[in-house]
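A short worksheet on the structure shown next.
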Amino acid sequence: MQKAYKLLGKHRHYDWGGNRFIPNLMGIDNLTEKPFAEYWMGAHVSAPSIIQTDAGDVLMNQFIQTNATELLGTKINASFGSLPYLFKVLDVAKMLSIQVHPSKQNAIIGFDKEETLGIELDAFNRNYKDKNHKPEIMVALSDFWLLHGFLAPELLEARLQEYFYFNPLMDHFRGVDFQGLYSFFMQLTLEDSDRILKPLLMDAIASVNRGEVDKSHPHWWANKYYNGLMPEHAIDKGIFSIYILNIVKVSKYEGVFQGAGLLHAYLEGQNIELMANSDNVLRGGLTSKHVDINELIDHVKFIPTYPNILKGELINEFETIYPCPVPDFGLSKIGISAGRTYTINPDSLEMLLVTEGVLKIDHITLKAGEVAILVAGQSITIEANSDVVAFKSFVP
């Protein structure tokens with residue numbers, strides 16, 4: 001078996017994606033300006049990557065199934081039996097939905113329940129697509145903005161006091177009751193939530209038009225979601241979440257980890273994302289997709305979040321690791337100057353995505369936007385033909 005194989009991922013053309021970043025990274029002409037939202041690298045059954053071998057192209061999930069121990073390594077194969085993570089590049093031009101991911105135990109319970117009820121896997125009202133959890137880490141490739149967990153109690157109380165239309169909600173928060181506040185609002189009728197959100201949105205649109213706010217203020221994002229236009233009725237309840245969650249800016253090569261139960265949403269920018277191999281998402285607004293309020297509330301952790309921006313920990317002169325408190329995946333950034341080499345010894349199947357420069361591994365040359373899988377148990381030397389930046393996914 002070779003030490004490394006070239007991988008061809010799958011593009012996902014969701015309407016929230018940008019039309020330049022991923023095509024530019026990968027040298028793709030996009031004359032029709034189709035949205036390139038995500039690039040998937042992995043063995044997920046809905047969009048498995050292609051592995052180029054001497055015998056021809058093969059789907060990654062099939063390649064792993066046939067060569068599990070050799071590719072994954074004995075330990076990882078015994079623990080997971082398949083590749084436990086999904087690697088992505090994202091270009092977020094339009095805001096993504098407010099969402100939370102279930103724990104592994106709750107994913108199993110939810111999946112089995114929906115199977116018993118006979119809800120088709122691709123049904124609009126299906127919540128659970130598999131039995132796995134979906135913790136995730138992202139590392140920014142540009143300035144990146146996201147919503148990330150509830151504000152600290154004192155900040156949230158000040159936010160509710162700041163706007164008169166939030167006054168009816170004060171009694172439901174009482175300075176500490178995140179669940180009471182969120183559950184009450186999300187279970188309001190649209191008529192009642194509109195009474196709160198209409199003046200809020202009018203304020204937001206006016207503030208942006210007057211140049212009074214920037215991206216650090218929730219008005220900016222409320223205005224962006226509706227493109228500066230005032231809807232007549234049925235304002236998306238997810239707008240409220242913009243005002244009660246942390247708005248976080250992550251600079252290039254900084255990261256954020258998001259575990260089960262954390263209410264969050266991506267707002268704008270480009271990033272590398274690595275997650276457990278799952279598609280379980282419970283949504284809470286800013287979307288036309290299914291929102292199951294009761295199921296969502298059952299899985300949100302109603303505690304404040306104090307954002308922890310990951311700078312990365314240098315483990316040697318070439319490699320910086322971003323701590324991930326889960327057994328499913330790990331992520332690091334590798335930087336090598338032109339003409340130098342770096343040898344790694346994978347314990348699991350690893351992926352190497354080049355974002356800058358050109359490198360060579362064994363018989364494979366990779367330029368920006370290209371990916372290789374590295375086989376477990378091998379000694380692999382990376383040769384930098386130019387200054388290189390690459391991201392490596394692995395199983396700890």
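Readers should treat all values here as calculations from the given coordinates under stated rules, not as data from a laboratory. Remember, predicted model here, so these are calculated numbers, not experimental data. Neighbour counts are summed over all protein chains in view; Cβ atoms, including those assigned to glycine, are modelled from backbone coordinates with ideal geometry.
Recomputing volume of the Cα convex hull per residue in Å³ from the coordinates shown identifies the correct label among (1) 155; (2) 169; (3) 137 as (1). For the chain, averaging the sequence separation of C-alpha pairs within contact (under 8 Å, six or more residues apart) and dividing by the residue count gives a relative contact order of 22 percent.
Here the residues K215, K129, ranked from fewest to most Cβ neighbours within 10 Å of their Cβ, fall in the order K215, K129. Between I297, I119, I50, the GNM of the chain built on Cα springs shorter than 10 angstrom shows I119 fluctuating the most. Here's how it looks for Y253: its modeled amide H is under 5 Å from those of A140, L141, S142, which are all 5 or more places away or on a different chain. What you get for segment 313-394, charging only the Cβ of Lys and Arg (+1) and of Asp and Glu (-1), is a dipole of about 160 debye around the Cα centre. For the chain, the 222 nm mean residue ellipticity estimated from helices alone, with every DSSP H stretch of n ≥ 4 adding -39500 (n - 2.57) and the total spread over all residues, rounds to -7000 deg cm²/dmol.
Modelled label positions at M170 and Q187, each set 7 Å beyond Cα in the direction of Cβ, lie 2.3 nm from each other.
In terms of surrounding Cβ atoms within a 10 Å radius of their Cβ, E114, E136 rank from fewest to most as E114, E136.
Restricting segment 293-387 to GluC sites (Glu not before Pro) that sit in a DSSP loop and have at most 14 other Cβ atoms within 10 Å of their own Cβ leaves E317. For segment 45-54, 3J(HN,Hα) computed residue by residue from phi via the Karplus equation (6.51, -1.76, 1.60; θ = phi - 60°) reads 4, 7, 7, x, 5, 10, 9, 8, 10, 4 Hz, glycine and proline entered as x. Between the residues G175, H148, H11, the greatest Cα displacement towards the positive end of the dipole of the chain, with unit charges on the Cβ of Lys, Arg, Asp and Glu, is found for H11. Look at the dipole of the chain built from charges on Cβ: of L160, I364, F329, the Cα furthest out on the positive end belongs to I364. Averaging the Cα positions of each part gives two centres, and for segment 242-260 and segment 84-117 these lie 18 Å apart. Legend: ranking of residues Y128, Y342 from fewest to most surrounding C-beta atoms inside 10 Å; resulting order Y342, Y128.
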